Amino acid sequence: MNTAIANDTIDTSLIQRDPVKDSAQEAFHKLTETVGTPTVENAKMRSRDVNVFYGEKQAIFDVNLDIGNNEVVAMIGPSGCGKSTFLRCLNRMNDTIPSCKVTGNLSLDGEDLYGADLDPVLLRARVGMVFQKPNPFAKSIYDNVAYGPRIHGLSSNRAELDDIVVDSLRKAGLYDEVKDRLDAPGTSLSGGQQQRLCIARSIAVNPEVILMDEPCSALDPIATARIEELIDELRQNYAIAIVTHSMQQAARVSQRTAYFHLGKLVEVNATNDVFTNPQHELTENYITGRFG
Amino acid sequence: MSATNLLLVTLGLALASFAYGRSRAYSVARLHGGVRSMHSLPSHYGMMVALWCALPALAIIVGWKLFEPAVVSSFLHDYIPQSVYEAGEKSVDLYKNDIGNLVDSHAIADIQDPEKKAAAQQLANLQHTSSLALVVLALAAAIAGASLALKRIKANTRARQNVEKIVHFFLISCASIAILTTLGIVLSVLFESIRFFQEVSIIEFITGTKWSPQTAIRVDQVGSSGSFGAVPLFLGTMLISFIAMVVAVPFGLMSAIYLAEYASRPVRNICKPLLEILAGIPTVVYGFFAALTVAPALRSFGATLGLSVSSESALAAGAVMGIMIIPFVSSLSDDVITAVPQSMRDGSYGLGATKSETIRKVVIPAALPGIVGGILLAVSRAIGETMIVVMAAGLAANLTANPLEAVTTVTVQIVTLLTGDQEFDSAKTLAAFALGLMLFVVTLCLNVIALHVVRKYREQYE
Amino acid sequence: MSDTTTKVRASLKKRYAAEKRFRFYGITAIAASIGFLFILLFSIVSKGYPAFQSTFVKLDVQLDSATLGISETPTSAEMRAANFGGLIKQTMRERFPEVSSRGDKKALYQLISTGAEYQLYDEVAADPSLIDTTISLWLPTDDELSALIKSDADLSNPDSIVTRMSDKQIAWAKSLKDSGQLEVRFNRTFFTNGDSREPELAGIRAALMGSAFTLLITFALSFPIAVAAAIYLEEFAPQNRWTDVVEVNINNLAAVPSIVFGLLGLAVFINFFHLPRSAPVVGGIVLSLMTLPTIIISSRAALKAVPPSIREAARGLGASPLQVVTHHVLPLAMPGILTGTIIGLAQALGETAPLLMIGMVAFIVDIPASVTDAATVLPVQVFLWADSPERAFVEKTSAAIMVLLVFLVVMNALAVFLRKKFERRW
């Protein structure tokens, strides 16, 4: 079935006479199994044989990947390779797209994500998400951070809520910059500050896993550096999965790296190994900049 | 020659001048070595001649027709018997009207009264002279314009620029008509209002609580104290508008939220046009519905509860007005809600919020400025709505906040004061213009604020 | 299990209940809004449909020249003076010979519409050879009798009937019905007559013609002016304060209450320029000022939708700015402009308030023949009839509303059709 779909996706007659591309395509055709070690011991989240469909079109093919406690897993790959789609399965954000269908097995601490027992509301409280573009609500900085605790009823009084907000802003490294103007609208902050506000907003719910979908793509290098530092600090308490376009970023922040190509997970290994000694030809081509 | 025929003849002349101008341009071109040697295309020359032919003539016809009735009527003054003048301005108008009707129906020969007959004869003569003069003037202008332009068909005449300049000027004047309309509204209500405030103090008008313009019909009581206090009208208008908004805002807003956030495509495709139908129904139909269906139903329903509901209750008019405004609120809110970026919703879902939590706590607060702007526009519409209240609300200027009683509104009074027979210059009719001024100023303020708020909101998310 | 998990789990039930409630409010709101629409339409249609039928009575009229008071070959003046009313009364007396008292006779005559004599006159005037013969004619009945027959009430049980007719009148009606002399037919009068004090003779023809003339003027003025204004603002206007003022002004005008336009019309066109009161020409001018902003706004949107690449291409071939617009942009934007115009005209067709101000609220019997004749329009006719005390006018009003709505539906359907047919995706 796999090969059949791969043949569908790639019309061989259209392939240009480019030796690098040709070899890449050939390798892709042969690809049946992920190179490297997709599993870890004591995984926080597991995925097994995950397939994702948008209507008729299949976007993810048989992905197996674990995310361990206190580690950052980076997902890299060319545009449209399915890394964001996969990330959005991990907290069922794909539910908001009506045509999207997910098969296979995804679990958090052994609980099936798509099982009847696990409520998406609870799941998203446990698996937080930070988006590509900073998206603060049209509220004050305080209310942005307090939003999650409020809807979930995590605090019983104002003092507790204050503590959560201050604590989350501290963890996100934003508190010192905004402590005098918690009533200012969230949108009045700079881009990097807004993104850290969104991180604080996720932390405030006290999740177990944080998913980050290209969190720095809209930011300048200085703001990016701050966020990367922050990600490293957050690793102490959370499991983190980050999708990124920048290989340097993946190398800097992650412990393990997964390379996606056309909806398949091609290779996953310790970050160092992936960047210094890629096992798969496609991975090598990508990280050496020969395509993507 | 009737005005329509004259217009047709002018149009024909313009067409003829176009054809002639173009052929003339061709022959000029032949002398100079082909069309390419001319500055503009032959059809441009034709167009130039046609415009020069038609425009002066059209200006004369329109101007003439606008001022003719007033001028002719003033020429008639010497022919109206002294006795009619003594009976007041109203009877002069009536007399003139009568003569006008007699002339229109070609019944001069049947008139018995010699004075009247003479006046009618004079009117007929004046009209005849006037229309003859118009024909001569208009045609002369057309021919003069065309021949002037024909002389200008030369190789180096910039005919295209000439035509485009005229067209450009036409475009600008059309765009300015909107300004002229506003100016006309302001001037017409302002002038009459100033005349009204010379008779009735503005303080009394704005703060007085007794409204009974009928007393002013008696000459000795014009502007008599206490009869032009408009507070009951303002309060009545506010009461009915408030009831309308109480109906329209929750229904309209919730419909918009449902359609924008929950409804599937087919449901949306069916419901939106149905709501648009509600918006397209003429207000007179709502008025009829309010007066003949809703008001009696409310009255008998009140009776079963032991309440006495007036047959012209503010509730009936307000509720039906609210129904009318539902689609207005809903379509404005729909636009505003869909303009809230999806990323904001995703942020909320990502934190584990349910759909309704996202809508109530993220989407609506973000859309609030736009929604408020839309509601202000709806309020302005409710205040200015006329037919529903004319048909379903009362004339009694009660000072009450009880929705079961009858109240009256500004628009109802404007209509009542200006329909029916009365002298135009009485305080009563002038009062209508003062009310109109109030209405215009209030709705204008609401609109300016609302449109500004909505525009600022749009820019925020663009 | 973490603290968060317990707390979130505890809150879930309540939150899903709130979710359900909120969704329910949404469905209720939309269902109620659409419900209102159907209640409104139902109440109009159920009241109005009987007006499209009326009851006729078949009488054998003996056109006796003596009773009519005319000679056998009458002149037109004689015909006009002829006593057709008396003839009908006599026919009725002959049909019911037992009716003798004055009061009863009067009650008997009330069964026939006053319009019957005009119909009789028309018949005889068209064919004078009928004089002194007996003809069989279907004549209109009075509105009360008409309503009674249309309601299919049980005439043998007068107590069960709610009507202003007396028991005797009901008995006569029964007699006529039993002998097959009463028939319910399509009400042509409603579409061929002007207004009338008698409900059974009142029609919407005059109002329809008034609406047509008014709309014609509105279209002739507002379409070219609005298109020109839109072209100027969209294609030529410089970006400066003046243009801003014009734009803001147009948007505000679109939201000015319609009655204010009526005040403008009254003060400027009637009192200053002395144009005729109640005339479609003034109504058309006022309505075109009112619809201008709507058409300008939608025309600008249509012009804006034409991609700039087309303008650039035309300009690249050496076309002047005006040629670019007239040859390329305007034809492409025309479907959108027409759609906006039709919607604007539909608004104008339903407008009432400003026309009340300029005196188009008159009792119009004669069908207007030109734009300067006194006229009324369909919505104003609705307003006038809604005020009439006679019960039969309620059904006339509803029927007139139905006709008005049909026109509006047709116009809007045309607009939708235009939009769908010529819609382009660039």
Inset, instruction - Find all pairs meeting these conditions: Cβ atoms under 7 angstrom apart; at least six residues apart or on different chains; first residue within region B:360-389 and on the phi > 0 side of the Ramachandran plot and more than 12 Å from chain C (Cβ to nearest Cβ); second residue open to solvent by 10 Å² or more (accessible area, probe 1.4 Å) and part of a helix (DSSP H, G or I). - result: none
Legend entry - Yes/no for C:Gly180 being at positive phi and either in contact with a Ser or Thr (Cβ under 9 Å, 6 or more places away or on another chain) or not basic (Lys, Arg) (or both): yes
Legend entry - Scan of region B:328-360 for residues that are open to solvent by less than 10 Å² (accessible area, probe 1.4 Å) and hydrophobic (A, V, I, L, M, F, W, C), ordered by number: B:Val329, B:Val336, B:Ile337, B:Val340, B:Leu351, B:Ala353, B:Ile359
Legend entry - Near pairs, Cβ below 7 angstrom, 6+ apart or cross-chain, from region A:260-275 (charged (D, E, K, R)) to any residue that is part of a strand (DSSP E or B): A:Lys264/A:Phe61; A:Glu267/A:Val35; A:Glu267/A:Gly36; A:Glu267/A:Tyr259
Inset, instruction - Sort out which residues of region C:1-43 are farther than 30 Å from A:His152 by Cβ and either more than 7 Å from chain B (Cβ to nearest Cβ) or out of contact with any helix residue (DSSP H, G or I) (no Cβ under 7 Å at 6 or more places or on another chain) (or both), and write them in order of number. - result: C:Ala31, C:Gly35, C:Phe38, C:Ile39, C:Leu41, C:Phe42
Legend entry - Residue count for region C:255-282, restricted to those that are within 18 Å of C:Leu349 (Cα to Cα), more than 8 Å from every other protein chain (Cβ to nearest Cβ), surrounded by fewer than 24 Cβ atoms within 10 Å (Cβ to Cβ) and out of contact with any Ser or Thr (no Cβ under 6 Å at 6 or more places or on another chain): 1
Inset, instruction - Could you tell me whether B:Gly347 is farther than 30 Å from A:Leu122 by Cβ and more than 9 Å from chain C (Cβ to nearest Cβ)? - result: no
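Filter region A:100-124 for residues that are of a type in the set (Gly, Ala, Ser) and under 17 Å from A:Asp49 (Cβ atoms); which is surrounded by the fewest Cβ atoms within 10 Å (Cβ to Cβ)?
Only one residue fits best here, namely A:Gly110.
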Legend entry - Pairs, first within 14 Å of another protein chain (Cβ to nearest Cβ) in region B:183-211, second open to solvent by less than 20 Å² (accessible area, probe 1.4 Å) and of a type in the set (Gly, Ala, Ser), C-beta under 7 Å, six or more apart: B:Ser188/C:Ala267; B:Val189/B:Gly436; B:Glu192/C:Ala267; B:Ser193/B:Ala434; B:Phe196/B:Ala427; B:Phe196/B:Ala431; B:Phe196/B:Ala434
Inset, instruction - Confirm whether B:Gly374 is part of a helix (DSSP H, G or I), at pLDDT 95 or above, closer than 21 Å to B:Ile277 by Cα and among the small types (Gly, Ala, Ser). - result: no
Inset, instruction - Check region C:282-299 and report whether any residue there is in a loop (DSSP other than H, G, I, E, B) and touching a residue at least 24 places away in the same chain (Cβ under 8 Å). - result: no
Inset, instruction - List the helices (runs of 4 or more DSSP H) that sit entirely inside region A:177-267 and contain at least 1 residues that are over 15 Å from the mean Cα position of the chain (by Cα) and buried (at least 24 other Cβ atoms within 10 Å of the Cβ). - result: A:191-203
Inset, instruction - Within region C:231-254, count every residue that is open to solvent by 30 Å² or more (accessible area, probe 1.4 Å) and within 7 Å of chain B (Cβ to nearest Cβ). - result: 2
Legend entry - Filtered residue count, region A:138-175, keeping only those that are part of a helix (DSSP H, G or I), open to solvent by 20 Å² or more (accessible area, probe 1.4 Å) and within 11 Å of chain B (Cβ to nearest Cβ): 2
Legend entry - Selected residue (criterion: farthest from C:Asp60 (Cα to Cα)) from residues of region C:79-99 that are open to solvent by less than 70 Å² (accessible area, probe 1.4 Å) and aliphatic (A, V, I, L, M): C:Met79
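Results for (1) modelled with pLDDT of 95 or more; (2) within 22 Å of C:Leu404 (Cβ to Cβ); (3) part of a strand (DSSP E or B); (4) within 22 Å of the chain's Cα centre (by Cα), shown as yes or no for each residue.
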{"residue": "C:Lys168", "(1), (2), (3), (4)": "no, no, no, no"}
{"residue": "C:Ala173", "(1), (2), (3), (4)": "no, no, no, no"}
{"residue": "C:Lys177", "(1), (2), (3), (4)": "no, no, no, no"}
{"residue": "C:Glu183", "(1), (2), (3), (4)": "no, no, yes, no"}
{"residue": "C:Phe190", "(1), (2), (3), (4)": "no, yes, no, yes"}
{"residue": "C:Ser196", "(1), (2), (3), (4)": "no, yes, no, yes"}
{"residue": "C:Glu200", "(1), (2), (3), (4)": "no, yes, no, yes"}
Inset, instruction - For residues that are open to solvent by less than 70 Å² (accessible area, probe 1.4 Å), within 14 Å of chain C (Cβ to nearest Cβ) and assigned to a helix (DSSP H, G or I), tally how many sit in region B:72-97. - result: 5
Legend entry - Number of the condition not met by C:Ile44 [criteria: (1) open to solvent by 30 Å² or more (accessible area, probe 1.4 Å); (2) assigned to a helix (DSSP H, G or I)]: (1)
Legend entry - Some residue of region C:174-192 being charged (D, E, K, R), touching a residue at least 40 places away in the same chain (Cβ under 8 Å) and crowded, with 18+ Cβ neighbours inside 10 Å: no
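Looking at region C:309-360, which of the residues that are β-branched (Val, Ile, Thr) and within 9 Å of another protein chain (Cβ to nearest Cβ) is nearest to C:Ala415 (Cα to Cα)?
C:Ile343
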Legend entry - Enumeration of residues in region C:100-127 that are hydrophobic (A, V, I, L, M, F, W, C) and surrounded by fewer than 18 Cβ atoms within 10 Å (Cβ to Cβ): C:Ala107, C:Ala125, C:Ala126
Inset, instruction - Would you mind telling me which numbered condition in (1) more than 12 Å from chain B (Cβ to nearest Cβ); (2) in contact with a Ser or Thr (Cβ under 9 Å, 6 or more places away or on another chain); (3) open to solvent by 10 Å² or more (accessible area, probe 1.4 Å) C:Thr218 fails? - result: (3)
Inset, instruction - Pick out the one residue from B:Asn125, B:Asn101 that is farther than 21 Å from B:Leu6 by Cα and surrounded by fewer than 17 Cβ atoms within 10 Å (Cβ to Cβ). - result: B:Asn101
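What do you reckon, is B:Ile325 open to solvent by less than 20 Å² (accessible area, probe 1.4 Å), among the β-branched types (Val, Ile, Thr) and within 30 Å of C:Lys7 (Cβ to Cβ)?
Against the criterion (open to solvent by less than 20 Å² (accessible area, probe 1.4 Å), among the β-branched types (Val, Ile, Thr) and within 30 Å of C:Lys7 (Cβ to Cβ)), B:Ile325 does not qualify.
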Legend entry - Among (1) touching a residue at least 40 places away in the same chain (Cβ under 8 Å); (2) in contact with a helix residue (DSSP H, G or I) (Cβ under 6 Å, 6 or more places away or on another chain), the one test that C:Phe273 misses: (1)
Inset, instruction - Could you check, for region B:441-455, whether at least one of its residues is in a helix (DSSP H, G or I), more than 10 Å from chain C (Cβ to nearest Cβ) and closer than 24 Å to C:Gly350 by Cα? - result: no
Inset, instruction - Might you let me know whether region A:75-86 holds any residue that is polar (S, T, N, Q), outside the structural domain of A:Ile60 (by TED's automatic domain parsing) and crowded, with 21+ Cβ neighbours inside 10 Å? - result: no
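The values are calculated or read from the model by the stated rules, or taken from the named source; none is laboratory data. Predicted, not measured: the structure shown is a model, and the values here were computed from it. Note that each Cβ is placed from the backbone with ideal geometry, even for glycine, and that neighbours are counted across all protein chains shown. Accessible surface areas use protein heavy atoms only, side chains included; no ligands, DNA or RNA. Shrake-Rupley method; radii C 1.70, N 1.55, O 1.52, S 1.80 Å.
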